[in-house]
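Have a look at the structure below before the remarks.
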Amino acid sequence: TSAGPLVCDVQGDPNGSIDPQPFVDDDGTPWLIWKSEGVPGSQPTRLWSQRLDPSGTAFAAGTAPVALLETTSPWEHDVIENPALVRWNGALHLFYSAGDWQSASYAIGYAT
């Protein structure tokens, strides 16, 4: 029912945001995970998280985006995307794709 996007531009990213992924933690708290495009080679690509309200249709009052990860490793080829967050054995695991999806170097990484 919104007249605009939930997320479009984070921290002045000139290329906007894509790849939204909802995550509901074990305690029932909903979150949104997404990618800000950055400028490959000059402004890092970042993965973000922000708590949602109980309905999951807006950000929770008083919350702000938190950067989870940004491109830093050579194997990522300046691009990370497609975040997916899961909780397993009490730890959060962030899975993501990295590199150019059209190349043989496209890979999957994870962070805990």
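The values are calculated or read from the model by the stated rules, or taken from the named source; none is laboratory data. A quick note: this is a predicted structure, and the numbers were derived from the prediction, not measured. Quick reminder, even Gly has a Cβ in these numbers, built from the backbone with ideal geometry, and neighbours come from all protein chains shown. Surface accessibility is based on the protein's heavy atoms, side chains included, excluding ligands, DNA and RNA. Shrake-Rupley method; radii C 1.70, N 1.55, O 1.52, S 1.80 Å.
A few notes on this one:
- Qualifying positions in segment 33-58 - in contact with a Lys or Arg (Cβ under 8 Å, 6 or more places away or on another chain) and either farther than 20 Å from PRO74 by Cα or not polar (S, T, N, Q) (or both): LYS35, GLY38, ARG46, LEU47, TRP48
- Residues in segment 19-32 that are in contact with a Lys or Arg (Cβ under 6 Å, 6 or more places away or on another chain) and more than 22 Å from GLU81 (Cβ to Cβ): ASP26 alone.
- Pairs where the first residue, in segment 74-101, is under 17 Å from TRP31 (Cβ atoms) and the second is open to solvent by less than 20 Å² (accessible area, probe 1.4 Å) and among the β-branched types (Val, Ile, Thr), C-beta under 7 Å, 6+ apart: PRO83/ILE33; LEU85/ILE33; TYR96/ILE80
- Those residues of segment 91-105 which are at pLDDT below 95 and open to solvent by 60 Å² or more (accessible area, probe 1.4 Å), in sequence order: ASP100, TRP101, GLN102, ALA104
- In segment 25-48, residue surrounded by the fewest Cβ atoms within 10 Å (Cβ to Cβ) [restricted to those that are polar (S, T, N, Q) and either modelled with pLDDT of 95 or more or part of a loop (DSSP other than H, G, I, E, B) (or both)]: SER42
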